[in-house]
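For reference, the structure is listed below as structure tokens.
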Amino acid sequence: MEISKVHSANRARWEAAADNWAFNADTRGIWQKCHEEPSMVFVEQTLQYLKNIKGQQIAVLGSGDNEATFALAGLGALVTSIDISQKQLDHGARRASELDLEIKFIQHDVTDLRSIQNGQFDIVYTGGHVAVWVADLQKYYQEASRILKSGGLFIVEEYHPFRRVWEASEDELKVGYPYFDKGPFEFYYNDNVLYPERGEFPSYEYHWTITDLCKAIIKSNCNIIDLYEYGGTSESWEVAPMKGLPEILSIVARKK
């Protein structure tokens with residue numbers, strides 16, 4: 001399936017969902033505080049790689065609700081927030097203004113960062129649930145590497161691939177999506193991403209494996225220097241009782 005078709009559909013759904021997503025972020029209360037308490041967003045293992053970043057240029061790819069963006073800005077970095085949804089960026093810009101944070105917001109598909117020069121950033125961070133919406137993982141990570149300075153850090157924190165295999169169930173774990181079936185999976189959803197129901201928006205997901213993520217980073221001219229997993233709770237929006245399974249897979253790499 002063409003990347004342009006997949007990403008256009010996913011962009012349209014995120015544009016439609018942006019206000020609802022912003023409301024959920026408002027109720028969590030993280031974006032309002034994380035610039036002062038970065039540990040609300042980053043675990044200690046990740047914060048170890050974010051020491052002494054004051055004045056460094058950092059790009060956040062697939063910035064979404066901008067909690068990572070604000071936390072990095074609070075640590076003193078010069079942050080550029082990049083997302084496919086202009087409405088998401090508009091919410092981020094409004095919030096940054098409320099918090100008096102100077103952040104640059106750019107609308108881009110993460111597989112095509114054409115307006116950004118080579119080697120512009122000291123760190124590129126991408127986290128949360130970004131790769132699932134991306135049809136070409138290699139192009140995504142190659143673009144991340146391209147805009148990264150030689151010796152710069154590429155930090156990937158993704159929703160753990162093990163959590164994407166389960167069939168919807170309240171009380172048992174039953175495989176609904178075989179681990180090695182990457183998709184694309186086509187759904188028709190409404191404008192609620194957290195608790196989706198059948199709706200008018202076509203949406204495409206890709207279930208990349210741990211191997212896919214690691215190989216794409218290595219092929220993007222980066223050396224993996226750390227790999228760790230964390231979390232073990234089960235959230236209300238998740239489709240199955242996953243308490244005890246790792247929530248986040250973190251990969252830290254350095255550009256050659």
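The values are calculated or read from the model by the stated rules, or taken from the named source; none is laboratory data. None of these values were measured; they are calculated from a predicted model. All Cβ positions, glycine included, derive from the backbone under ideal geometry; neighbour counts span all protein chains shown. When the accessible area is computed, the model is the full protein with side chains, heavy atoms only, and any ligands, DNA or RNA have been set aside. Shrake-Rupley method; radii C 1.70, N 1.55, O 1.52, S 1.80 Å.
Laid out as a table, the results:
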quantity: Residue in the range 163-185 that is closer than 30 Å to Ala73 by Cα, open to solvent by 70 Å² or more (accessible area, probe 1.4 Å) and of a type outside the set (Val, Ile, Thr) present; calculated: no
quantity: Pick from the range 1-41, criterion farther than 29 Å from Tyr206 by Cβ and small (Gly, Ala, Ser), ranking: least open to solvent (accessible area, probe 1.4 Å); calculated: Gly29
quantity: Qualifying residue in the range 128-140 (condition: touching a residue at least 60 places away in the same chain (Cβ under 8 Å), polar (S, T, N, Q) and closer than 26 Å to Ala18 by Cα); calculated: no
quantity: Flag if Ala216 is open to solvent by less than 20 Å² (accessible area, probe 1.4 Å) and either over 26 Å from Arg11 (Cα atoms) or free of Cβ contacts under 8 Å to residues at least 60 places away in the same chain (or both); calculated: no
quantity: Answer residue from the range 54-77, given it is assigned to a helix (DSSP H, G or I) and free of Cβ contacts under 8 Å to residues at least 60 places away in the same chain and is surrounded by the most Cβ atoms within 10 Å (Cβ to Cβ) among those; calculated: Thr69
quantity: Sole exception among (1) without any contact (Cβ under 8 Å) to a residue 12 or more places away in the chain; (2) farther than 16 Å from Ile155 by Cα for Gln48, by number; calculated: (2)
quantity: When residues of the range 212-256 are limited to those that are in a loop (DSSP other than H, G, I, E, B) and over 30 Å from Glu170 (Cα atoms), the one nearest to the chain's Cα centre (by Cα); calculated: Ser220
